[in-house]
Amino acid sequence: VSVREIQEKWTFAPQQGAAAYVDQISEQIYTSGVGTSARGIAHISFEMVDAMNYRVGFNVDRPTDSVIKIGPAPDSDQYGSLVIAENDTTGDKYFVFTAPVTRVAFLTLTTTGNGFTYWDNISTKTVPNLSSDEYLLLARSLNVFGVPIGGEERWKTNHLDLECIIWLENFLKS
């Protein structure tokens, strides 16, 4: 199982009366606007592969009615979007989407209200598409505090573990 971070290309395209740039002091993306006709807009473009799942993650600081969109063109939300209400700073945010085609996608960060938003820790990563058995095997290999995710009993009922094999041998001998 592999997860890879996507190589992103950034562009900034604020509307007249708005702003969008990388704040050199905070090292965050800054978008500011004065309403829906003067939005601060930043775009991230990246290559996506048909039927691959992608996780877009980020967090915001002091958002003012902002929107994050993903689509085939800048400012498009054809593949997905998430609205961030004013002052919604509740931890890390994310959404997952499945690529409908192989092509370049655009992630648009925009402030639609009268104010600004700092965007931070923005990432786009592939998400493995695993079967339930593959997730169980992965969980088994990532056991937490010695107990596999999903529980030891579930593992034993679905797989022949060494302990199960010994029990089975003893049962057959008796």
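What the table below lists for this structure:
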item: Dipole magnitude (debye, nearest 20) for segment 1-104, charges at Cβ of Lys, Arg, Asp, Glu; result: 200 debye
item: In sequence order, calculated HN-Hα J values of segment 10-15 (Karplus, 6.51, -1.76, 1.60; Hz; x Gly/Pro); result: 9, 9, 10, 9, x, 6
item: Radius 14 Å from Cβ of T31, net charge of other residues (Lys, Arg +1; Asp, Glu -1); result: -3
item: Using θ = phi - 60° and Karplus 6.51 cos²θ - 1.76 cosθ + 1.60, couplings along segment 41-48 (whole Hz; Gly, Pro as x); result: 10, 10, 10, 10, 10, 7, 7, 10
item: Förster radius 25 Å - calculated FRET efficiency between A51 and D120, Cβ distance, rounded to 0.05; result: 0.25
item: Which of L82, L107 is most accessible, then next, and so on - probe 1.4 Å; result: L82, L107
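The values are calculated or read from the model by the stated rules, or taken from the named source; none is laboratory data. Model, not experiment: these values are computed from the prediction. Heads up, the Cβs are rebuilt from the backbone with ideal geometry, glycines too, and the neighbour counts pull from every protein chain shown. Surface accessibility is based on the protein's heavy atoms, side chains included, excluding ligands, DNA and RNA. Shrake-Rupley method; radii C 1.70, N 1.55, O 1.52, S 1.80 Å.
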